[in-house]
Structure formats: structure tokens, C-alpha cells
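Down below is the structure, laid out as C-alpha cells.
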Amino acid sequence: MLCAVKLLSQASAVNPRSRLRYSVGAPPQPGNSRRVANTVLWTCIPLPIDLNHINVWLIESPRGYVLVDAGMSVAVCKEAWEKLDASLLRGKPLRALLVTHAHPDHIGLAAWLQERYALDVWMSQRAYALASSLYSSPQTRREKVAAFLHAHGVTSSTVLQSLLRPERYARTQDELPQVTRFIEDGESIVPEIDDWIALLTEGHSEGHLCLWTEHERTLISGDQILPTISPNISFLYHEPDADPLGAYLASLDRLRQLPANTLVLPSHGLPFQGLHERIDDLRAKHAARLGKLRDVCATPRSACEVRPHLYRRQLSGTHFLLALGEAVAHLEHLVRKGELERLRSDEVVRYRRR
Ligand SMILES: [Zn+2]
């Protein structure tokens, strides 16, 4: 599914690995788990995409585990859950599933797990609304993606054909789960065991939830902050005045107020310490991209034309779409700041420096 794959970051000014501390160690093998905090176990679900795994967290409570994220609806993920069922879950039941956001590596197996374990499913209302629009109407989505590609200058029939196959939208996602609780910003998730608080964060995916516990100085960061890749900040077919990059940067500002010694549990990659350093690296990367676009748009350019300035390597399929979406997100952020203006001719949007 489209949004599952995060673009690998282009080389950034600072190697994030050198600034982060990976104190927890290597990931557990599928079917195994490892304790990473007093109330949190870590397990890893393989994924059949470039991003080859998702980290899944199990928050322990007296009534069972609160699972954070599910995996995709594909065989390799179900096999990993079968192994967990025969090991870890024999000792304590699953009680609820909290879905951090609407991308299929996070929500894809939610309905399957809900049916199998009679789980409560929790997520934000906005994330559920996004999931409904993404997965309930593949044809509508296809039309919106086609309009987006045309508006931003994509004319290659090869690219269009590869991106607009209707079946690509339904491969890794079952039907949606029945959400039994909509989680709001600041809400306590499991009040009887600890002070796990939901933090609504934006930019990567609408209604994305992080979870924070002051008591354990631990942040479950979802895809909002990852240790070695830059979360995709995409403007696909948002409403015209959306500013996902601005929303993402504001969420980073909020998360940077958490303590410097926070243990970060990301959805992909290793748990790490160095939250402030990682946020600073991400900010610097986006600032560099914005600077490059200011220069490139001295003459009017479409997003398709500026994309190679941000991503030098050849991209295809989902990677191409996400790179284009990220280019538009940066361009639209500069429009919002009054530094670029939109020009429209031949039904293609071009951006020019003011
Ligand atoms: Zn995601």
C-alpha cells in the first residue's frame, strides 16, 4: 500500500547514527520479545517491503497487554503473530490494540487481530477517518492520485500506469477494525498501571498518536520520529491549503520539550536515546531542502521538475509518489510562509520565488 514505505533519507549534514545511543540492542527475532522498559515489551513483525519490519510494543497491564500497532495483512505478518501466540501470549492475553496511524503496516492486521482475540481497538478519530478514505474506496483514491500527479507535472505514461493500478491499494489491508475508543490528545491510555499519555502529532499521517510516559521517560514515537530514516511528509491530495510540513515541524517542537534522556521506541529501526539530537537532525534536513527549493524556484518549476533536486537517485512506483508528495509538501510550506507563489498554466501548478 502506498504510504507504507518511508523514503530513505538523502545524505544529511549530520550522520544521525553518530549522535544517537542504541542502548537496548538488536531486535528480537520474530516470535520472541524483549523487555525495553518496566511496562513495555518489544517484538518485531517482518514486512514484505523495502522497510522490512515494524516494531510492535506491548504495554503490560494487569488485564493483559495493550498492543501498539499490528503489521500488514500479509502472510509473513500473520506467521509472526502465530509464533507470538504460541509463546508470549500464552502467559498473558492481549487486551487492546492501539493503532498509531492509518498506514497499512500499522493498521493492516488490526481487523484480523481484533477478530482473533476479541480486542478493543483504539486510535484517533482523525486517523480512522483517514483510514476510511484510504481503504474504503480504491477507485476514488485512484482518481485523486491521478489528478494529483497531473496537477504536479507528471506526464510519463509508464509512471502513471505503475502508480494507478487499482489493485495496489488493497493488497496489504483487510477491512477496517471496529474502533471501540477514539483517543484524544492528552488522554491517559492505561491509567491503572502508569501515566501513559497520548500525544497527537501531525505531518506524517493525519491523527498520528505517540505515547509518552513521564514515569519511565519513554516515548513510543510511531513513525513520527525514526532513528535513521526521515519519515515521509507527504502532500498528496490534501485540501489545497494544507501544510503537512508545517504541522510536522510544530509536532517536532512539541516533542523536543520532552526530557533529553527519553528512551525513544520507534516503529522502524532500533530504540534509541538522543531525542533532541534526532529532532535537530530532522529539522536541519528539512531546512536544507527548503533552502534548495528557494534557489531552484528562481524560475517557475513544477513539483515533478524539482523532485530530482531533492532525490538524486532514480525512483519508481511508491517511492516516486512519496518523493513527489514530499516535494509538494515543502513547496506548499514555502507558499504558506509567503516565500513562493503558485502559478497555474496548462493545468500544471508551478512554484516561483516571490
Ligand atoms: Zn507511517
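Values quoted throughout were computed directly from the atomic coordinates according to the rules given, and no laboratory measurement underlies them. Keep in mind that what you see is a predicted model, and the values were worked out from it rather than measured. So basically every Cβ, Gly included, is an ideal-geometry build from the backbone, and we count neighbours across all protein chains shown.
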- Query: What shape does the stretch 176-274 have by the C-alpha gyration tensor, where a ≥ b ≥ c are the square roots of the eigenvalues, rounded means a/c under 1.5, and otherwise prolate means a/b greater than b/c and oblate the rest?
  - Reply: oblate
- Query: Given Cα pairs under 8 Å that are at least 6 residues apart, what percent is the relative contact order of the chain?
  - Reply: 19 percent
- Once amide H atoms are built 1.01 Å from N in the peptide plane, which residues 5 or more positions from Leu340, or in another chain, come under 5 Å H to H? Val335, Arg354
- Any chance you could run the full-extension gain for His215 through Glu239? It's 0.36 nm times the residue separation minus the Cα-Cα distance, nm to one decimal. 4.7 nm
- Task: Name the long-range amide H neighbours of Leu199: under 5 Å, sequence gap of 5 or more, or other chain; modelled H, no Pro or chain starts.
- Result: Gly186, Cys210, Leu211, Trp212
- Residue-ordered couplings for the stretch 90-101, obtained by feeding phi - 60° into the Karplus form 6.51 cos²θ - 1.76 cosθ + 1.60 and rounding to whole Hz (Gly and Pro as x), are 5, x, 8, x, 7, 10, 7, 10, 9, 9, 5, 6
- Task: Would you please give the residues with an amide H less than 5 Å from that of Val121, counting only those at least 5 places away or on a separate chain, with H modeled from the backbone geometry?
- Result: Leu97, Thr180, Arg181
- Task: Compare the peptides 102-114, 255-267, 305-317 by average per-residue count of other Cβ atoms within 10 angstrom and give them in order, highest first.
- Result: 102-114, 255-267, 305-317
- Quick calc of log₁₀ I(q)/I(0), the stretch 205-342, Debye, one scatterer on every Cα, no solvent, q values 0.19 1/Å, result -1.12
- Item | Computed label-point distance, nm, for sites Ala288 and Ser132 using a 7 Å Cα→Cβ extension | 4.1 nm
- Task: Write down the percent of antiparallel bridges among all DSSP beta bridges whose residues are both part of the chain, to the nearest 5.
- Result: 75 percent
- 19 Å Cα-Cα reach of Lys83 towards lysines, excluding residues that sit fewer than 8 places from it in its own chain: Lys92
- Note on the structure: Per residue convex hull volume, Cα only, the stretch 55-101, in Å³ is 70 Å³
- Thr180 paired with Thr140, simple spin-label distance in nm, labels 7 Å along Cα-to-beta-carbon: 2.8 nm
- Query: Applying the Karplus parametrisation 6.51 cos²θ - 1.76 cosθ + 1.60 with θ = phi - 60° to the phi angles of the stretch 54-61, what ³J(HN,Hα) value in whole Hz is obtained for each residue in order, glycine and proline being reported as x?
  - Reply: 10, 7, 10, 10, 10, 8, 7, 9
- Query: Which shape class, rounded, prolate or oblate, goes with the stretch 20-72 when its Cα gyration tensor gives a ≥ b ≥ c as root eigenvalues, a/c under 1.5 marks rounded, and past that a/b bigger than b/c marks prolate?
  - Reply: oblate
- Taking Rh as the Kirkwood radius computed over C-alpha pairs, what is the Stokes-Einstein D of the chain at 20 °C in a medium of viscosity 1.002 mPa s, expressed in µm² per second? 103 µm²/s
